[in-house]
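Engineer: Structure incoming, see below.
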């Protein structure tokens, strides 16, 4: 049994990770500012008796220091989840990404905890020339401010490993989807259909194509990687083997909605917005060779997520 | 003729770059907080009538906005120059590196300038497994806090290119040495010999081995790269073809000092301090193929620098 701190633990991915950590017999401290996380995601975790929730912000080092006592490992997942925001507001990712990671590392150093597992992203690869993209790919030139904050955080973590003897596990996530989703393409499509059941607007030309991973698969994979990889600095792509296009996602969401006659409109262009990576396919060999198998590949994960989010969001206008 | 803003323009490398930019017929605005830069380095620049000096800090966005009017291109060189500092003070590189770069980019965006040339470093490669290390090397895991700030800044720049249509030139410097040096191994050795002419302490086992580049070569190379490379995002190693070991540097400095009988002591270990990269050799093919040739290779640059810094610092105790 370990004492585990999960930042962003009330969020979409964080709350699923908390559930899995508890199932594995850990004591979990959840730290979240509830900016996009929700207490209702923690119902089963908190009722288990093996988790405590602390509302707090990572930009406040003192409140972070209070929870960093006798922690064996930190899973640092907190971040601004809205990649598109950076096109309008330029300091959110810097603060809630890079600075927040600095505070987490600094609080760990001060309080004697030296193991960190970090939710990075495939967006650090930018518009990679090599697909599927392996972990050792270079150069790393993200095209979104969100991506810059993930790369900046990775660099801080590797510096704490090289300078202060930390041990780290960096996960580069594919697009993670599933229950409790609070953003992303499937979430957006369902909300659009809820407003207008006969028209669905797709940002870009619909040919954008990415790897998707189901959120419970993702949570299990994180814990698996921490258990199986033992270098000082470990970095692993977390994704399924295949991809799914945005047009295919639109078709699946429409199909699962049961709406009969929906026109799909494309806004055009090769990407959804400035800073959107049009194609992303991770090479998951390192994860798979280590013995992990996803329950869902991309298209199955999309179908499952569509069903769950239609249930969670509802399709009738409020 | 362009109007060029040079951040850190009163510093070691910055002041040489300013001299070269003026020689090329540009109007230069020098922005520096004089934390390690010196006005005396700007004597010839300021007397040319083609440069103006503004004392200010990059962490103050308003003072930066004042100089960002009608600027065609920014050479962003300002940073904490002392890599070792990060082992003791953990927020200097984050602030003076990553945050400062954010402020530069944001001030440019607000004021309609979209061309940035940035002084990055070979330390973004961390302890690279491949040497000489080419620009597309991955993964990028710096081991110093200084390195983390350079990688974080590169990520911000690539995000501004991908999101806001910026154009950028990223230079990954070898160890830059030469006149006006204010830090580094040759500088340290001369100061040590000044205190004690019979003993020289070398941090580590002396086998550390790195590429060195002379500072005027470096300044010319930066301007060359901006003139010759025309992608939206350009990234080029700036270094000579060879390397020089720390022991060899100690021998050269002693030889040039004229001191007869100096004992070299090694503190031991494979590196000078936690976060020091023991071996760094850049692959300069991209720079060379573009038509640039250094006047000095590593050992010649060390010899020249030893002579100049012995002159600038003096060898007799004050």
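Engineer: Angle, helix A:100-111 long axis vs. longest principal axis of chain A, Cα atoms, 0 to 90°, nearest 10?
Structural biologist: 20 degrees
Engineer: Rank by packing, highest mean first: peptides B:229-236, B:255-262, with packing defined as the count of other Cβ atoms within 10 Å averaged across residues.
Structural biologist: Top to bottom by mean Cβ count within 10 Å: B:229-236, B:255-262.
Engineer: Let me ask something else. Calculate the length of the line joining the C-alpha centroid of the stretch B:115-157 to that of the stretch A:62-88, in whole Å.
Structural biologist: For the stretch B:115-157 versus the stretch A:62-88, the Cα centre distance is 25 Å.
Engineer: Taking the Cα atoms only, what angle lies between the long axis of helix B:12-23 and the longest principal axis of chain B, rounded to 10 degrees?
Structural biologist: Long axis of B:12-23 versus the principal axis of chain B: about 50 degrees.
Engineer: While we're on this one: What are the nm distances, shortest first, from residue B:194 to its equivalents in the other copies, labels at 7 Å along Cα→Cβ?
Structural biologist: Distances to the matching label points in the other copies: 6.9 nm.
Engineer: Averaged across the residues of B:272-278, what count of C-beta atoms belonging to other chains lies within 10 Å of each residue's C-beta?
Structural biologist: 2
Engineer: Along Cα-to-Cβ, 7 Å out, sits the label point; list in nm, shortest first, how far the one on residue A:60 is from those in the other copies.
Structural biologist: Copy-to-copy label distances for residue A:60: 3.1 nm.
Engineer: Can I ask one more? With an 8 Å cut-off on Cα pairs and a minimum separation of 6 or more residues, tell me the relative contact order of the stretch A:1-95 in percent.
Structural biologist: Over the stretch A:1-95, the number comes to 34 percent.
Engineer: Using only the alpha-carbon atoms, how far is helix A:246-257 inclined from the longest principal axis of chain A? Give it as 0 to 90 degrees, nearest 10.
Structural biologist: Value to nearest ten degrees: 80.
Engineer: Remind me, relative contact order of chain A in percent, using alpha carbon pairs under 8 angstrom and six or more residues apart?
Structural biologist: Computed over chain A, the figure is 18 percent.
Engineer: How would you order A:53-61, A:269-277 from highest to lowest mean count of nearby Cβ atoms within 10 Å?
Structural biologist: Top to bottom by mean Cβ count within 10 Å: A:269-277, A:53-61.
Engineer: Considering every residue in A:47-60, what mean count of other chain Cβ atoms within 10 Å of its Cβ is obtained?
Structural biologist: Mean shielding by partner chains, rounded to a whole number: 0.
Engineer: Distances from residue A:266 to the same residue in each other copy, label points 7 Å out along Cα→Cβ, in nm, shortest first?
Structural biologist: So the label point of residue A:266 gives 6.3 nm to the other copies.
Engineer: Over the whole of A:90-103, what's the average partner chain Cβ count within 10 Å per residue? Rounded to a whole number, please.
Structural biologist: 4
Engineer: What order, most packed first, do the peptides A:194-202, A:37-45, B:119-127 have when packing is the mean number of other Cβ atoms within 10 Å of each residue?
Structural biologist: B:119-127, A:37-45, A:194-202
No lab work stands behind these numbers, since they all come straight from the coordinates. Bear in mind that the values here come from a model prediction, so they are computed numbers and not experimental data. Backbone-built Cβ (ideal geometry, glycine too); neighbour counts: all protein chains shown.
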